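Taking it in order: structure first as structure tokens, then the write-up.
The values are calculated or read from the model by the stated rules, or taken from the named source; none is laboratory data. Please read all numbers here as calculations on a predicted model, not as lab measurements. We place every Cβ from the backbone using ideal geometry, glycine too, and count neighbours over all the protein chains shown. Side chains are part of the model used for accessible areas, which takes the heavy atoms of the whole protein and leaves out ligands, DNA and RNA. Shrake-Rupley method; radii C 1.70, N 1.55, O 1.52, S 1.80 Å.
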Amino acid sequence: MTEARSIHVRGIVQGVGFRPLVFRLAHANSLAGWVLNESGGVDIHIEGDEPDLDAFLRELTLQPPAAARIADIDIQPSEVSGLREFTIRESRRNGHPSVRISPDLPVCEECLRELFNPADSRYLYPYINCTNCGPRYSIVERLPYDRSNTTMKDWALDALCATQYRNPIDRRFHAQPAACPACGPGYFLEFDGEAVNRDAASINATIRLLAEGRIVAVKGIGGYHLTCDAQNMEAVRALRERKYRKEKPFALMVKDLATAHRVVELSTEAEALLTSTARPIVLAPAKVALPGVAPQNAEFGVMLPYAPLHYLLFAAGAPGILVATSANRSSEPIAYKDDDARERLAGIADAFLIGERPIARRVDDSVARAGPFGPVILRRSRGYAPGAVTILPSKRPILAVGADLKNTITLVVDDQAFVSQHIGDLEHYESLESFRSTIQDLVFMYEVDWDDLLIVHDAHPQYASTSHALELPSARALAVQHHRAHIASVLAERQAWDKCVVGVSFDGTGFGDDGTIWGGEFFTGSLAGGLKRVLHLRSASLPGGDAAARNPVQCAAGFLCQLHTSVDFTEPPFYFDNRYGRSVEFLRKNVRSFETTSMGRLFDVVAALLGFTREITFEGQAAMWLEQIAQRASNRDAYRFPINGEELDFRPLLDGVIDDCLRDRSKTEIARAFHTTIAQSLSCAATTLCEANGLDTVVLSGGVFQNELLLETVKSLLNGKPICIWTNSAVPPNDGGISLGQAALGAIALRGECHA
Ligand code: ZN
Ligand code: FE
């Protein structure tokens with residue numbers, strides 16, 4: 001007996017070969033009907049015998065296309081209309097779009113085989129792609145995802161590409177960026193504004209330059225990389241000088257997995273991350289010396305090739321380990337437009353390898369590592385963005401604008417939370433522009449009505465993101481406290497709206513309820529019921545305003561002045577410079593100082609005591625240094641770090657560190673004992689709070705939890721206790737995750753109003 005089903009599929013289901021798969025499965029199971037893309041996903045109608053319908057549905061859910069992510073499938077019985085065959089119908093537009101835009105994908109195995117097959121018509125063609133691979137988010141200008149809405153719109157398909165594009169069973173059926181050497185964009189190498197070589201010749205010329213130790217700007221998927229031979233010390237040094245980048249590690253792109261294994265220590269989990277379709281930069285312990293690549297750092301950030309162009313460069317003989325760092329000066333956003341790159345990178349790059357396909361928006365490389373609780377994303381960008389990370393209980397659209405450091409934004413449409421690519425630190429004019437345009441971009445693509453929008457921002461009145469949020473034409477705005485947003489980001493990932501937890505947010509900075517700077521906070525409660533601050537680090541004064549966050553010694557002055565000690569910290573073994581004296585003076589006169597409970601700053605203080613007395617050149621540098629020296633020791637002792645009322649008292653802890661320094665204990669051991677102390681007090685306080693409130697789950701989020709040693713130690717201390725630990729996995733534990741937490745708290749606020 002013939003039956004019919006009407007099926008609606010949501011998720012990443014457009015531009016990933018979903019309709020051809022449906023077409024093939026329908027034919028294989030002798031079903032009639034149709035499939036089409038619409039604004040919210042894919043609609044399917046099938047008719048046939050019940051066992052065939054069941055087989056179709058089973059195969060569809062068990063083996064979706066490689067790049068597809070099915071969020072949910074709704075299956076309803078339907079009227080039999082007596083169709084004779086199965087067809088792919090025209091796309092339909094209905095309502096505002098809520099379909100997920102696929103992140104950019106690395107070139108697939110099949111395309112790679114064609115790329116290196118001399119008989120193939122796309123032999124050595126750097127823009128080869130198919131429905132299983134290639135650019136997506138970085139080329140789409142508006143929805144739905146059709147070629148005319150991408151940066152490929154100016155290239156008309158030739159006969160070969162058109163035939164494949166229109167054939168439902170071809171791998172390039174509706175592959176929007178489809179192109180071949182005869183009809184598509186090309187590559188050229190440019191010196192001083194002049195294109196000197198094209199296509200294959202430009203690849204070979206690039207390789208000669210890299211071999212000579214030159215710096216070449218290479219246009220990739222979401223922006224330009226600055227590349228040079230990582231084993232050429234002079235080249236690496238020149239790149240640092242020209243880029244004004246003193247110490248922040250450079251990312252590496254290695255030829256293949258075997259080279260990756262030679263360069264870094266890769267666990268099974270790290271290898272899985274490295275080869276995943278997001279192709280992030282993976283942080284792992286260094287196995288070789290590459291001077292200048294990551295000064296005073298025991299780790300390298302390594303990625304594999306992901307664009308066909310990268311494979312072409314390595315196959316043609318590029319050095320097997322390349323520095324491939326975001327093309328920018330200092331910490332500006334990455335250059336992605338050709339003219340902008342020429343202008344901003346003049347004086348940095350010796351030459352430019354430029355592809356003609358425009359990039360619609362900048363999408364940096366993502367950064368991840370295999371952590372003790374599973375993969376951690378430290379920068380969520382290319383390969384992940386703008387994927388929906390979770391479902392939030394809100395039918396109304398929400399825009400959350402994040403924090404001022406490591407900014408991302410989150411847009412909630414039809415209960416899906418889309419998190420943007422990494423935007424960066426908004427103190428730079430260029431980043432602020434990028435922040436504004438990303439907001440416009442996402443709101444435009446999803447056709448959200450500004451009047452419907454709830455805007456959520458940080459409670460910090462001086463954040464650039466806050467002032468911009470308040471200027472936007474929205475129905476209303478909601479302020480959210482920074483560390484509650486950190487905890488909420490984890491709860492949102494788990495869709496835990498009502499679950500009561502202990503939330504621990506150890507962080508650098510964030511504006512607190514009382515107007516001071518928080519960052520060492522314990523909360524109890526839930527998303528729905530609110531998170532109550534129950535315990536925090538003892539407060540200290542930071543002299544000299546924001547500069548204290550960049551100067552461990554300055555920061556130390558504020559904490560050390562609370563100790564009863566006669567030690568002169570400008571003397572050995574401490575050697576604090578005259579910045580210390582000035583800071584003490586500021587504190588004495590009580591000018592330009594503010595109160596903080598920041599755990600990140602406590603790490604800075606201990607780093608300063610152990611010898612990190614210079615200014616940091618990138619966020620978190622002193623804490624990273626401290627973690628890495630601690631990794632080298634294995635002692636298990638800890639300092640005293642008692643709880644007095646609602647505060648964790650750092651004074652006995654610092655006294656202990658200073659005593660150990662004075663009696664010349666090894667710095668690695670002191671650093672290790674400090675980590676153990678923080679982990680122990682966290683575990684102890686969390687356990688007590690769980691017991692007192694009848695809870696079983698501890699949530700950890702905030703920048704300090706990028707510290708792997710701290711996480712490992714907490715994990716081993718709580719091992720065997722009836723307590724679950726929840727950390728971030730879809731968004732970063734640093735401020736890159738704030739916008740998701742804000743969106744979740746916004747959704748809860750709206751839900752509360754509906755119930756009222
Ligand atoms: Zn492919
Ligand atoms: Fe934070």
Check your understanding: What nm value, rounded to one decimal, do you get for the distance between Ala258 and Asp451 when each label is placed 7 Å out toward the C-beta?
Key -> 6.4 nm
**Study point:** Carbon and sulfur %, accessible surface of the chain computed with the full protein complex present, 1.4 Å
**Key:** 50 percent
Review point. To the nearest Å, what is the center-to-center distance of region 584-621 and region 326-355, using C-alpha atoms only?
Key: 34 Å
Practice item. Sorted from largest down, give the three principal axis spans of the alpha carbons of the chain, whole angstrom values. Key: 90, 68, 49
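Averaging over every viewing direction, what projected area does the convex hull of the Cα atoms of region 276-392 cover, in nm²?
On the way: hull surface 40.1 nm².
Computed as one quarter of the Cα hull surface, the answer is 10.0 nm².
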Point to revise | Whole-angstrom gap from region 560-581 to region 154-205, using each part's C-alpha centre | key: 63 Å
Review point. How far apart, in nm, are two points set 7 Å out from the Cα along the Cα-to-Cβ line at Val80 and at His564?
Key: 9.2 nm
**Study point:** Descending semi-axes in Å of region 562-617, equivalent ellipsoid built from Cα gyration tensor
**Key:** 18, 16, 12
Review point. Could you give the distance between the Cα centres of region 685-756 and region 424-484, to the whole Å?
Key: 24 Å
**Study point:** Packing-based ranking, highest mean first, of 450-456, 500-506 given that Cβ atoms within 10 Å are counted
**Key:** 500-506, 450-456
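What FRET efficiency do you get for Ser666 and Asp120 if R0 is 60 Å and r is their Cβ-Cβ distance, rounded to the nearest 0.05?
Efficiency, from the Cβ-Cβ distance: 0.50.
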Point to revise | Reference-scaled alpha-carbon Rg (2.2 N^0.38 Å with N residues) for region 536-727 | key: 1.02
Exercise for review: Report the FRET efficiency, 1/(1 + (r/R0)^6), for Ala211 and Ser148, where r is their Cβ-Cβ distance and R0 is 51 Å, rounded to 0.05.
Suggested key: 0.75
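Calculate for the chain the 222 nm mean residue ellipticity that helices alone would give, adding -39,500 (n - 2.57) per DSSP H run of length 4 or more and normalising by residue count, nearest 500 deg cm²/dmol.
Working: 21 runs with 242 residues, N = 756.
Rounded to the nearest 500, it is -10000 deg cm²/dmol.
Can you give the convex hull volume of the alpha carbon atoms of region 2-88 per residue, in Å³?
Details: hull volume 7.0 nm³, N = 87.
Given the Cα convex hull of region 2-88, per-residue volume reads 80 Å³.
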Review point. Once the Cα gyration tensor of region 187-355 is found, what semi-axes does its equivalent ellipsoid get, as square roots of 5 times the eigenvalues, in whole Å, sorted largest first?
Key: 24, 18, 14
**Study point:** In nm, spacing of pseudo-spin labels at Glu356 and Asp546 (7 Å Cα→C-beta vector)
**Key:** 4.4 nm
Review point. For region 163-207, what does the equivalent ellipsoid look like in terms of its semi-axes, each the square root of 5 times an eigenvalue of the Cα gyration tensor, given largest first in whole Å?
Key: 32, 10, 7
Revision key, fill the gap. Hydrodynamic radius by Kirkwood for region 441-559, inverse mean 1/r across distinct Cα pairs, in Å, is 16.3 Å
Review point. Tell me, what is the per residue accessible area of the chain in Å², probe radius 1.4 Å?
Key: 38 Å²
